[in-house]
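Single-structure report; data block below.
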Amino acid sequence: MVPSTPAAPPGEFDGPSRRIVKEYDKQTATLFALHSRRVSLMLTLTDPSMIVADPDIRDHLIEQRRAAGHDRYDEVWEGTYVIMPLPTDEHQHVTTALATIFQTVLGWIGAALVRAGVNVSDRLEGWKENYRCPDVAVFLKETRAINDGTHWLGGPDFGVEIRSPDNRTYEKLEFYAKVLTRELLVVGRDPWTLELYRLQGDGWNETQENER
Amino acid sequence: MTDDLTRVVPPAGRRLELVGRSTLSEPAELVSEVIPLSFRIVSGQQRAEILITHAETAQQWHV
């Protein structure tokens, strides 16, 4: 989990980057790493926003998260690496319970695939430059999304997003519409609320690689 | 879709619209059109709970 008051271990960062973290570690911030490659980094750490323009720092942070297994819930939004807060125990309980109920209701063999966390993108190639991870995703037998193994091309037939502080759920709605998620249940926990969103209209248009 | 299709490009104007909201004070039942379940917020012992009801069997779960 990205700590609200991140403290860089000794030697973890060198030079300016370490100073930056120290300066902002008492607040809520957003880090943007702008770099030579297309993928940038956005870290919700403290406030106000902060831009990290050093690709080495970006790569170091991402590598650290991968090594620690903290990147499981991270996403990339149109090239911007978004570090999501790790779910609380309650969040994981709701996720697991919903996924289990959905799979039980829909059947364990054949009728639907239920995932408690899965990568959903709008593209087959280069999908790591734009994907989201709904907490629960239901792909019915007749789904038009494609399972590419590493990710799904196209949104789930039914998705669930469980809100947490700073996880930017509502900013994902446009993406979920774009990938034609048919219904999305948003669970709020402070206070407890449910919101059901439904795709207005329907249909797919597909483009081939050479049409991009 | 076929294997050579590589992107989802939705028709213009596709959007997710809020069709229902359930709270403790207004515990509306949200009925899915995709899966045979409905969802509602209800009071619980420790916290509010999500009441899930099967559309066909009426079986219920509290989360």
- Confirm whether A:Gly201 is more than 9 Å from every other protein chain (Cβ to nearest Cβ) and without any contact (Cβ under 8 Å) to a residue 12 or more places away in the chain. no
- Query: Do you know which residues across the stretch B:45-56 are facing chain A (nearest Cβ under 9 Å) and part of a loop (DSSP other than H, G, I, E, B)?
  - Reply: B:Arg47, B:Ala48
- Take A:Phe139 and decide whether it is closer than 21 Å to B:Gln60 by Cα and touching a residue at least 12 places away in the same chain (Cβ under 8 Å). no
- Message: Show the residue pairs meeting these rules: Cβ distance below 6 Å; 6+ apart or different chains; first residue within the stretch A:175-197 and farther than 14 Å from A:Val136 by Cα and within 7 Å of chain B (Cβ to nearest Cβ); second residue surrounded by fewer than 18 Cβ atoms within 10 Å (Cβ to Cβ) and of a type in the set (S, T, N, Q).
- Response: A:Thr193/B:Thr23
- Query: Can you name the condition, by its number, that A:Ala97 falls short on among (1) within 10 Å of chain B (Cβ to nearest Cβ); (2) in a strand (DSSP E or B)?
  - Reply: (2)
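We did not get these values from a lab; they are worked out from the coordinates using the rules stated. On a predicted model such as this, the values are computed, not experimentally measured, just so you know. For neighbour counting, all protein chains shown are included, and Cβ atoms are generated from backbone atoms with ideal geometry for every residue, glycine included.
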